[in-house]
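Have a look at the structure below before the remarks.
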Amino acid sequence: MSKKENPQTAEKATATDINTNEERAAETSKQTNETPQEEEKTEVEQLKEELEKEKDKFLRLFAEFENYKRRTSKERVELFKTAGQEVMQAMLPVLDDFDRALLEIGKSSDKTLFDGVKLINNKFYETLKSKGLEVMNVKAGDSFDADLHEAVTQIPAPDKKLKGKIVDVVEKGYTLGEKIIRFPKVVTGK
């Protein structure tokens with residue numbers, strides 16, 4: 001009888017094993033079905049986050065490049081405007097000497113000499129003017145502005161109206177484009 005019980009027991013054990021295996025397979029399939037979907041979602045989310053980070057980096061880099069282009073083009077324009085600044089500054093004393101020479105020659109009776117020097121002075125000044133040089137228009141009686149004028153000295157004001165104002169212009173000021181390359185030297189009244 002033991003042989004007969006063994007096949008029945010074996011059949012029961014086999015049926016139990018089949019049920020258990022089916023349950024395990026169902027659980028495994030549930031787990032395997034959920035895990036890839038969850039992994040896909042997290043991978044997709046990670047990829048979206050990485051894409052957003054890369055887009056942000058790209059936009060920042062693009063904005064930096066645009067700012068760089070704008071800044072360099074502005075510097076280039078500024079450089080062209082003031083390219084001859086050193087040469088112009090070197091020529092200003094020569095222009096001042098011409099003005100002084102004209103004052104002294106004007107005191108003499110030789111009109112042809114005066115006219116000749118005046119023609120040379122005008123030609124020299126017009127050449128510099130064509131390159132962007134301009135005389136700053138400053139005269140006695142104007143208000144003193146420390147940002148635009150260089151005070152050489154202060155003297156007692158000859159008139160009450162000249163207190164804190166310009167009494168005399170010692171040396172002309174010049175601009176090149178919009179930039180002051182030499183401030184006018186003035187005497188102010190106190």
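Taking neighbour Cβ counts within 10 Å as the exposure measure, how do Phe80, Phe124, Phe183 sort from fewest upward? Before the final figure, lay out each step's value.
Values: Phe80 11, Phe124 14, Phe183 19.
Ordered from fewest to most neighbouring Cβ atoms within 10 Å, Phe80, Phe124, Phe183 come out as Phe80, Phe124, Phe183.
Taken over the range 63-150, lysine pairs spaced eight or more positions apart, or on distinct chains, with alpha carbons under 25 Å apart number 17. Structural size metrics of the range 36-175, computed from C-alpha coordinates, are Rg and Dmax of 30.6, 109 Å. Less than 5 angstrom separates the built amide H of Ala151 from those of Val186, all sequence-distant by 5 or more or on a different chain. Whole-Hz Karplus values for the range 160-172 come out as 4, 5, 8, 5, x, 10, 7, 9, 8, 9, 7, 9, 5 Hz, taken residue by residue from phi with 6.51 cos²θ - 1.76 cosθ + 1.60 and θ = phi - 60°; glycine and proline positions read x. Label separation (Lys161 vs Asn137): 1.9 nm, computed from points 7 Å beyond Cα along the C-beta direction. For the pair Leu119 and Val170, the difference between a 0.36 nm per residue extended length and the Cα-Cα distance amounts to 16.0 nm. For the pair the range 140-187 / the range 106-137, the C-alpha centres are spaced 23 Å from each other.
Work out, step by step, the length gained on full extension between Glu75 and Leu59: first 0.36 nm times the residue separation, then minus their alpha carbon distance; give nm to one decimal. Let's see the in-between values first.
Values: separation 16, 0.36 × 16 = 5.76 nm, distance 2.42 nm.
The span from Glu75 to Leu59 would gain 3.3 nm if fully extended.
With contacts taken as Cα pairs under 8 Å at a separation of at least 6 residues, the range 82-189 carries a relative contact order of 27 percent. Residue order for Tyr174, Tyr125, fewest other beta carbons within 10 angstrom first, comes to Tyr125, Tyr174. Between Glu49 and Glu66, the simple label model (points 7 Å from Cα in the Cβ direction) yields a spacing of 2.9 nm. Spin-label model, Lys41/Asp97: points 7 Å from Cα along the beta carbon direction are separated by 8.9 nm. Dipole check for the range 82-189: with +1 at the C-beta of Lys and Arg, -1 at the C-beta of Asp and Glu, and the Cα centre as origin, the magnitude is about 260 Debye.
Note on the range 82-189: dipole from Cβ charges, positive end direction compared against Val135, Gln85, Phe124; the farthest Cα belongs to Val135.
Bear in mind that the values in this text are calculations on the coordinates, not laboratory data. Every value quoted in this text rests on a predicted model; they were computed, and no experiment measured them. No Cβ is skipped: glycine too gets one built from the backbone with ideal geometry, and neighbour counts run over all protein chains shown.
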